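Taken together, the values in this text are just the output of simple stated rules run on the coordinates, not laboratory data. Values in this document were obtained by computation on a predicted structure and should not be read as measured data. As a convention, Cβ positions derive from the backbone with ideal geometry for all residues, glycine included, and neighbour counts pool all protein chains shown.
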Amino acid sequence: MRFPTLLFWVNAESDALRSRLDQRVDKMLEAGLLDEVRTLNEHAKAEAAAGRRVDETRGIWVSIGYKEYKQYVQALERDDASEKELEKLKADALERTQIATRQYPKRQLRWIRIKLVNALNEANASKSLYIVDASDASAFSTSAIEPAYSVTEAFLSGSPMPVPEDVAPLNAVELLKPKREFDVSAKPETWTKHHCDACNVTCVIPDQWQQHVNSKAHKKLVSKRRKQAGEKEHAGGATAHGNGVRSEADQQPG
């Protein structure tokens, strides 16, 4: 480490975090998410009319909320969309946005455990990382701010620092231990690209893919898609979507 360094990891238990993340989606909608989607759609139309192609695989176009609500907003602007179709699209968009919002902190957690914790361990700086608990928002001052303030005060004054394991909540101590077996970034030969159409999720790590397809959220959404596809078939519409997942081989042309 080039300089004396102090890091805080604001962690929350999974159940508490899940509830908070679902509420975040509600707040996004209240704050005008659909208006933002409409604005982006109009911009994409204007660019296409001017002969300029919009790359919707990066930047703001892949932000959580836009791609999930894009189809619903487009249906709202059509004259032939039925109330039943709109309700289905709306429910599907909400569910996919909630799933994507929950997956984002999972990726953050994976990065911290795979990259940060191991990097600090290799630099003999593991004692620089402290975990504080943010599971209970109403107790944030006592569970997060106060311990962080105490550690920071000792750090700035040059006083003896507490052991990170003593500051971390009991259920989070294990997170401070390096997990080298999780680091597959140095083994690209083991990567296999899989994409879940149902959840709009792409995985390259086999374990991560298996974890996704076995998750309750994925199974619930796939079941819902199958039911909707069955209803369409019954009415003489489109064919079923299958299991909602495909590998890289499925994505090749021809």
Given R₀ = 41 Å, what would the calculated FRET efficiency be for Tyr104 paired with Glu233, taking r from the Cβ atoms and rounding to 0.05? 0.75
Run through the DSSP bridge list for the chain and note the antiparallel percent, rounded to the nearest 5. 55 percent
The alpha-carbon center of the stretch 192-225 and that of the stretch 14-32 are separated, in whole Å, by 21 Å
Please give the residues of the stretch 73-115, grouped as numeric ranges, whose backbone N is less than 17 Å from a label point set 7 Å along the Cα-to-Cβ vector of Ala137. 98, 101-102, 105
Which value in nm describes the separation of the simple spin-label points at Ser63 and Arg18, placed 7 Å from the Cα toward the beta carbon? 2.8 nm
How compact and how long is the chain, expressed as Rg and Dmax of its alpha-carbon atoms in Å? 22.6, 75
At a Cα cut-off below 18 Å, give the lysines reachable from Lys84, other chains included and same-chain residues fewer than 8 away excluded. Lys70, Lys224, Lys227, Lys232
Using Cα pairs under 8 angstrom and six or more residues apart, how large is the relative contact order of the chain, in percent? 19 percent
Set the Förster radius R0 to 41 Å, insert the Cβ-Cβ distance between Lys127 and Val54 as r into 1/(1 + (r/R0)^6), and round the FRET efficiency to 0.05. 0.30
For Ile131, enumerate residues with amide H under 5 Å from its amide H, sequence gap 5+ or separate chain, H modeled in the peptide plane. Trp9, Ala168
Treat each spin label as a single point 7 Å out from the Cα along the C-beta direction, and report the Glu153 to Ser223 distance in nm. 5.2 nm
